[in-house]
Structures are given as C-alpha cells and as structure tokens.
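K.L.:
Submitted below is the structure of interest, expressed as structure tokens.
The values are calculated or read from the model by the stated rules, or taken from the named source; none is laboratory data. These numbers were taken from a predicted model, which means no experiment stands behind them. Don't worry about glycine lacking a Cβ; one is built from the backbone with ideal geometry, like all the others, and counts go over all protein chains shown. When the accessible area is computed, the model is the full protein with side chains, heavy atoms only, and any ligands, DNA or RNA have been set aside. Shrake-Rupley method; radii C 1.70, N 1.55, O 1.52, S 1.80 Å.
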Amino acid sequence: VTETWLLRNLRAVRGRAYPRIVGANREPSWVFFDIVLPLLTVAAYAYIYKFMDAPKEFVGFVILGGAMTAFWLNILWSMASQLYWEKETGNLSLFMMAPISRMSILAGMAVGGLFFTTLRAASTMIIGIVVFGITLSLSDPLMLILVFIVTMIALYGMGMMFASLYLVFGREAYHVSNLMTEPIYLASGFYFPVKALGFWAAAGASIIPITLGLDALRQLFYPLTGEQYQFLPVTVEVAILAVLCVMFIGLSKLSLDYMEKLGKSTGRLTLRWQ
Amino acid sequence: MRNDLRTFKNAAWLGWQMEANWTDPFLFATYSVVKPLAGTLILVFMYLVITSGETGVAFFSFMYVGNALYMYVAEVLFGVTWVIHDDREHYMTLKQVYIAPINFHTYIFGRAAVKIAITTVGVLLTLVLGSSYSELTLTLAPLTGRSCSHRWRSASPAYA
C-alpha cells in the first residue's frame with residue numbers, strides 16, 4: 001500500500017501523542033497529585049484575597065490562573081525541554097532518522113500534552129469552583145471556546161519553537177525553564193489582572209500567549225467587571241492571539257531547520273551531555 | 001577535623017556545581033535572584049491591586065516577610081532532602097561516596113550548606129528590595145534586647 005506523505009506524518013503525530021496520553025494516566029497517584037497540588041497553591045492565593053476582602057471575582061481569577069499554570073508548566077517541561085531530554089535518553093537520533101517531518105514529532109508532543117494537561121487543568125478548576133463556591137458566567141460559550149483554542153495553538157506553537165531552541169541551549173535549558181516559571185507567572189498575571197502591571201509591561205508580556213488568553217477568559221467568565229480589570233477588549237485579544245498562532249508555528253519550523261543545520265555543521269546534534 | 005573540613009569544602013563545591021548544572025554561572029546567578037523576587041512580586045501586585053498601594057500596614061509586612069522566609073521551607077523540602085535521593089537515583093554516585101574514607105554526614109552537610117547559602121541570598125535580596133521600594137521597616141529589638149528604637153529604612157528592612 002502506498003501511503004501519502006500526509007498520512008505518514010499524521011500517523012507520526014498520533015504515535016508521538018499516544019505515549020503521553022497513556023503514560024500520563026498510568027500511575028493513579030500522579031493524577032491525584034497533579035490535580036490537588038496546584039489547588040493548594042491556588043488556595044493560598046485565594047485565602048490572601050479573602051483576607052483582604054477583595055471582590056469575589058478575584059478568587060475566580062486565581063482559580064483560573066492556577067488551572068492555567070498546568071499548561072505553562074507543560075510547555076516548559078514537556079515541550080520546550082523535551083527534545084533535549086530525548087537527546088539525553090537516546091531517542092533523538094531515532095526521530096532524526098525516521099522518514100517523517102520533524103514538525104509532526106513536535107505536533108504529536110503538543111497534542112498529547114494538550115490532552116492530558118486539559119484534563120488536569122479542568123479537574124483543578126472544577127474542584128476549585130466547588131471548594132471556594134465561585135460562580136462563573138457562561139454567557140458567550142462560543143467565544144470562550146474560540147479564545148481557549150487560539151490560546152492553546154499559540155501557546156503550544158511557542159512550545160514547539162522552544163523545543164528546538166532548548167536543544168541549542170544545552171545544559172542551560174534547565175535553568176532557562178526555571179527562570180521562566182515564577183517570572184512568567186508574574187508577567188502574565190496568572191494571579192491578578194495583568195492590567196495592574198501597566199500598559200507597556202502588559203503589552204510586552206503579551207508575547208506570551210497565555211497573558212492575553214487569561215485576560216480574555218477572565219473577561220468572558222466575569223463580564224460584569226467590565227473595563228475595570230480588562231487589558232484589551234476580547235476581540236482584539238483574539239485577533240492578536242491568531243497572529244501569534246501563525247507566528248509561533250512559523251518560527252518553530254524555522255528554529256527546527258536552524259537546529260538541524262547547526263547539528264549537521266557541528267556534528268553534535270545527538271551528542272549527549274553537552 | 002582537617003579531613004572533615006576538606007570533605008565539607010569539596011562537598012560544598014560539588015553541590016555548587018550540581019546546583020548550577022555545570023552551566024554559565026551568570027545564568028545560574030540570574031535565575032537564583034530573579035526567581036525568588038518574581039515569586040514575591042506576585043504577592044506584592046496581588047496586594048497592590050486590592051489596596052491601591054498602601055504598603056505601610058502590618059498585614060503587608062507579615063505577608064512579605066513570611067513569603068521571603070518560606071523560601072527556606074521550599075529549599076528544605078525540595079532541595080536538601082533530595083541530596084541522597086539525587087546521588088542514588090540521578091547521578092548514581094551514592095555508593096562510591098558512602099564507601100569513601102570520609103564522614104558521610106559531613107558530606108551531606110556540605111551539599112546542604114550550598115543550597116541554604118543560595119536560598120539565603122534570595123531571602124536577603126527580597127528583604128532588601130522590600131525595604132527599598134515599600135514601607136517595610138525593621139525592628140531589631142528582639143535581636144539586640146534594647147527598646148524598639150532601631151529602625152532601618154534602607155539597609156536592613158523589616159517589620160512593624
């Protein structure tokens with residue numbers, strides 16, 4: 001049977017996504033900790049807001065931000081760092097030899113990661129909603145779904161780009177990931193409206209898709225807060241996120257090509273302990 | 001005693017290299033400073049959003065100092081307690097270290113000392129930042145045994 005290039009790469013996407021989906025649920029205790037531990041961090045922030053008599057929606061902001069941290073951590077540790085770890089464990093040379101596009105490997109990682117992270121983030125959010133008794137508006141569910149989808153495509157596009165760049169960083173990758181945890185929580189306004197940082201700081205942080213995605217989701221879940229906490233109108237944020245989708249996926253292809261070219265010229269692409 | 005000091009020194013040096021992952025010291029230093037500061041600033045911004053900038057109240061001081069000192073808790077839980085586990089599972093060197101003619105506890109102490117030192121830098125920087133850019137003030141009376149007259153504004157902050 002002659003299979004087309006497209007079919008072969010779609011099978012590669014499925015094949016790379018499969019171990020992530022199955023592996024993520026193999027150890028039940030991990031599922032429990034993945035869901036409950038983020039909730040404890042969120043609870044600490046929520047109680048600070050409660051202690052300060054903050055408006056009720058702030059607890060909702062924190063729950064939403066806490067659930068979204070799962071996606072950012074997945075980008076850093078399961079997307080960006082992944083090719084570096086594949087190199088360390090010896091899989092990267094197999095990926096490079098396989099008769100498929102390298103982009104389909106990255107896409108498979110993204111699809112698998114997105115699937116299991118969405119389950120965990122949704123669980124964290126549902127438990128948070130129940131425990132803290134918050135109410136969310138679902139007045140515009142279609143826009144809500146659209147915002148979530150464009151945010152995730154842009155975010156995982158960014159992760160695909162980082163995956164190649166981290167391979168170039170080598171050992172520094174570990175520190176880069178650590179460096180982009182708390183500082184990004186701060187810059188992207190995971191636990192407070194990003195508008196509080198000021199317009200230009202928030203505009204700069206918008207290069208990280210989750211900044212605009214979170215702001216838009218908060219506006220949709222809490223439409224009555226109006227312009228008080230919004231950074232930009234939802235439609236503008238969706239348009240920028242759509243641009244980021246195209247930009248990051250394009251850049252991920254470019255960085256992958258650059259990484260391959262660098263690997264060929266230096267002969268160190270699959271060399272471990274660099 | 002001399003043997004223990006040498007063990008401590010070498011364990012601390014090894015710990016530093018492992019913490020830095022044998023990478024660019026500048027990047028590691030940046031990470032060591034930026035990470036705790038960012039974690040603290042999240043709380044500060046949460047506070048500022050609600051209170052519109054009033055940082056001269058006790059609650060802010062308690063929250064700020066508590067968060068700064070919590071870094072030690074996190075370091076003990078996720079750093080020091082992982083020394084043996086890391087050596088056994090990740091680097092697979094525990095056996096060699098254990099049978100070496102050194103005091104094993106001194107070795108662990110040296111490894112832990114570096115982690116605590118790095119955390120201490122983060123804590124101190126956080127407290128200095130708090131004193132420089134907010135209304136935190138430090139009362140040294142519990143340390144000096146004198147009355148509450150020593151209040152440092154810029155050099156050593158803390159906390160009414």
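K.L.:
Any residue that is farther than 24 Å from B:Pro25 by Cα and out of contact with any His (no Cβ under 7 Å at 6 or more places or on another chain) - is there at least one of those in the range B:106-123?
P.N.:
Yes.
K.L.:
In addition: Taking only the range A:165-175 into account, find how many residues are modelled with pLDDT of 80 or more and within 8 Å of chain B (Cβ to nearest Cβ).
P.N.:
Summing the residues that are modelled with pLDDT of 80 or more and within 8 Å of chain B (Cβ to nearest Cβ) in the range A:165-175 gives 0.
K.L.:
Pick out, from the range A:1-110, the helices (runs of 4 or more DSSP H) lying fully within it that include 1 or more residues that are open to solvent by 10 Å² or more (accessible area, probe 1.4 Å), of a type in the set (Asp, Glu) and within 14 Å of another protein chain (Cβ to nearest Cβ).
P.N.:
Here the list reads A:57-74, A:82-89.
K.L.:
Spot the failing condition for A:Tyr222; the list is (1) surrounded by fewer than 20 Cβ atoms within 10 Å (Cβ to Cβ); (2) away from chain B (no Cβ under 14 Å), and only one is missed.
P.N.:
Only one criterion is unmet by A:Tyr222, namely (1).
K.L.:
Evaluate the range B:11-20: report whether one residue or more is over 30 Å from A:Gly60 (Cβ atoms), modelled with pLDDT under 80 and open to solvent by less than 40 Å² (accessible area, probe 1.4 Å).
P.N.:
yes
K.L.:
While we're here: For the range A:136-143, check the following and say yes or no: at least one residue is of a type in the set (A, V, I, L, M, F, W, C) and open to solvent by less than 40 Å² (accessible area, probe 1.4 Å).
P.N.:
There is no residue in the range A:136-143 that is of a type in the set (A, V, I, L, M, F, W, C) and open to solvent by less than 40 Å² (accessible area, probe 1.4 Å).
K.L.:
Among the numbered conditions (1) touching a residue at least 60 places away in the same chain (Cβ under 8 Å); (2) open to solvent by 40 Å² or more (accessible area, probe 1.4 Å); (3) closer than 29 Å to A:Val59 by Cα, tell me where B:Ala68 comes up short.
P.N.:
Here B:Ala68 clears every test but (2).
K.L.:
Anything in the range A:209-241 that is without any contact (Cβ under 8 Å) to a residue 24 or more places away in the chain and in a helix (DSSP H, G or I)? List them, or say none.
P.N.:
Correct list: A:Gln219, A:Gly226, A:Glu227, A:Gln228, A:Thr235, A:Val236, A:Ala239.
K.L.:
Could I ask something else about it? Let me spell it out: the conditions are (1) crowded, with 19+ Cβ neighbours inside 10 Å; (2) closer than 26 Å to B:Pro101 by Cβ; (3) not small (Gly, Ala, Ser), and B:Arg6 meets all of them except one. Which number is the exception?
P.N.:
Result: B:Arg6 fails condition (1) only.
K.L.:
From A:Ile35, A:Ile63, A:Ile48, A:Ile21, grab the single residue that is more than 30 Å from A:Ser137 (Cβ to Cβ) and β-branched (Val, Ile, Thr).
P.N.:
One residue alone meets the criteria, A:Ile21.
K.L.:
Which numbered condition in (1) under 14 Å from the mean Cα position of the chain (by Cα); (2) among the β-branched types (Val, Ile, Thr); (3) open to solvent by 20 Å² or more (accessible area, probe 1.4 Å); (4) within 14 Å of chain B (Cβ to nearest Cβ) is the only one that A:Thr118 fails?
P.N.:
Here A:Thr118 meets the rest and fails (4).
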